[in-house]
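**Student:** Can you read through this structure? Questions will come right after.
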Amino acid sequence: LNGLSHPILGDTSHGSSKTNREWKEQRNMPGERVCLHLARLQIPATSYTPNGIDCACPLPQDMLDMLKVHAPDVLKEAMPMLVREGILVDYPLNHKYLVGKYVIPAALLKEMNESNKNGVDESRNVSILSQNEHYVVAAKPPGVVVHNSAWNKKRREPTPMLQRVRNVTGKRVNLIHRLDRSASGCLIFAFAEDDKNNNEQSQEVTRTIIESLQNEESTK
């Protein structure tokens, strides 16, 4: 995207280092943030998801505040669609606000940039967006990895999403897709075993949902 003149704000690989530095130094964008949010996920029906999956993850407050201050015209134009899609909730279309300097509350900055040092137990801190007996969709916040790896085992990181979802649902889960650590939005998991501990079927469920996500009819 950067090569197509559409750099991703905050991304070190697909963004502009000069622009990223400007936003961090002059516009208070957290260092642990990439402006990518998987707001809406739609995948076609399968034998395990007979109604398909259609799930929206509301826009995080930090990203909404950035739009209010730095791109108010874009936000105003997109508002009807964002409300219709469920990406903005409880936000009136005629809402008026003053454009000023974007300032992230100190508490949020501490949570996003230093959460690996504060020792808070986030192991059950997860918002479930959709769920049936075969899958669960969770809202991933920025600054959280989706699973453990050799990289994050060397650091004191917030509890990964895989463990959070497992703790909240009480079941083992398989990750269907990834989101970058600094991104946010819809994250799908398949239950790793059913109530009868049928591991072969749970593997089939995971494969089926992955294939459905890769279907050209899927939108994300």
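The values are calculated or read from the model by the stated rules, or taken from the named source; none is laboratory data. Note that the coordinates shown come from a computational prediction; the quantities given were computed from them, not determined experimentally. Glycine also receives a Cβ, built like all others from the backbone with ideal geometry; neighbour counts cover every protein chain displayed. Accessible surface is based on the protein model in full, side chains and every heavy atom, while ligands, DNA and RNA are left aside. Shrake-Rupley method; radii C 1.70, N 1.55, O 1.52, S 1.80 Å.
**Student:** Using only protein heavy atoms and a 1.4 Å probe, report how much of Asp180 is accessible, in Å² to the nearest 10.
**Tutor:** The value for Asp180 is about 70 Å².
**Student:** Apply the Karplus parameterisation 6.51 cos²θ - 1.76 cosθ + 1.60, with θ equal to phi minus 60°, to every residue of segment 164-175 and state each ³J(HN,Hα) to the nearest whole Hz, in sequence, with x for glycine and proline.
**Tutor:** 4, 5, 4, 5, 6, 7, x, 9, 6, 9, 10, 7
**Student:** Compare the peptides 126-133, 32-39 by average per-residue count of other Cβ atoms within 10 angstrom and give them in order, highest first.
**Tutor:** Working: 126-133: 15.6, 32-39: 20.8.
Top of the packing list down: 32-39, 126-133.
**Student:** Going down the list Lys18/Lys220; Lys24/Lys220; Lys76/Lys220; Lys18/Lys140; Lys24/Lys140, which pairs span over 24 Å between their C-alpha atoms? Each step should come with its number before you reach the end.
**Tutor:** Values: Lys18/Lys220 29 Å; Lys24/Lys220 28 Å; Lys76/Lys220 22 Å; Lys18/Lys140 28 Å; Lys24/Lys140 22 Å.
Check vs 24 Å cut-off fails for Lys18/Lys220; Lys24/Lys220; Lys18/Lys140.
**Student:** Something else: Sorted by mean Cβ packing within 10 Å, highest first, what order do the peptides 54-62, 69-77 take? Spell out each step's value before the answer.
**Tutor:** On the way: 54-62: 19.1, 69-77: 13.3.
The most tightly packed comes first, giving 54-62, 69-77.
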